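Take this structure first; my questions come after.
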Amino acid sequence: MPRVVRIRLEKIQRDFLWGGGALEQKPHLVRWSIVCLDKRSGGLGVKSLGAFNRALLGKWIWRFANERKALWNQVIRGKYGEERGGWRSCESREAYEFGLWKAISKMGHQVTHFVGFVVGDGEKVKFWKDKWCETIPLSEAFSSLLALASNKEAWVNEVWTAEGEGGGSWNPCFNRPFNDWELEEVERLFCCLEGKKVR
């Protein structure tokens, strides 16, 4: 929903709640942010249109990743393409492009900061950039090692080397050998990866 429309609708809601109208201005007795709190928190439980709109856009991001066979999904993937991994569509590069899917796609970049992954085969989760091993992406937890990584866009399955039945080891590739002061950081990375594996 466009910001201007949301602001106008919230003004209509506020005016209705406080008994005002187009011709008269009545004072608002409580801040709108308090009115939007749920009843247990002391509010009236009125939905914040901004938060509700973001939640609905986020739901479409989830549906895009999970409803692969739906016709609408195939149309979006056909028009925009999709990023490897299938979690998001590619962004539109056309300057005049606008509309619902552009808003949904924009929300997708905000949603990914709150999404954590459970690794299956490792083909859809980025080793450095997705949140799968820690509460933050490895790129943030080990930024100095990311700077040395030869493939900053590596997928989890590209860094995992399978050995025998269900076994394997982590083999991230770096541009150069480590200096003495970097070894502690490397050890922390491998401690973080310990016990994690690709199926």
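Of the residues that make up the range 135-145, is at least one modelled with pLDDT under 85 and either under 30 Å from Asn53 (Cβ atoms) or not assigned by TED's automatic domain parsing to the domain that holds Asn53 (or both)?
Yes, the range 135-145 has at least one match.
Would you pick out the residues in the range 150-199 that are polar (S, T, N, Q) and either under 24 Å from the mean Cα position of the chain (by Cα) or surrounded by fewer than 11 Cβ atoms within 10 Å (Cβ to Cβ) (or both)?
Correct list: Ser150, Asn151, Asn157, Asn171, Asn175, Asn179.
While we're on this one: Could you please find all residues in the range 150-187 being touching a residue at least 40 places away in the same chain (Cβ under 8 Å), out of contact with any strand residue (DSSP E or B) (no Cβ under 9 Å at 6 or more places or on another chain) and either part of a loop (DSSP other than H, G, I, E, B) or within 18 Å of Arg199 (Cα to Cα) (or both)?
Asn157, the sole residue that qualifies.
Please indicate, with yes or no, whether at least one residue in the range 15-35 is at pLDDT 90 or above, surrounded by 10 or more Cβ atoms within 10 Å (Cβ to Cβ) and out of contact with any Lys or Arg (no Cβ under 6 Å at 6 or more places or on another chain).
no
Are there any pairs, at least 6 apart or on different chains, whose C-beta atoms fall under 8 Å, with the first in the range 1-21 and more than 17 Å from Phe52 (Cβ to Cβ) and the second acidic (Asp, Glu) and surrounded by 12 or more Cβ atoms within 10 Å (Cβ to Cβ), and if so, which?
Cβ pairs passing all conditions: Gly21/Asp15.
The values are calculated or read from the model by the stated rules, or taken from the named source; none is laboratory data. Since the structure is predicted, the reported quantities are computational estimates derived from the model, not experimental observations. Counting neighbours? That spans all protein chains shown, and the Cβs are built from the backbone with ideal geometry, glycine included.
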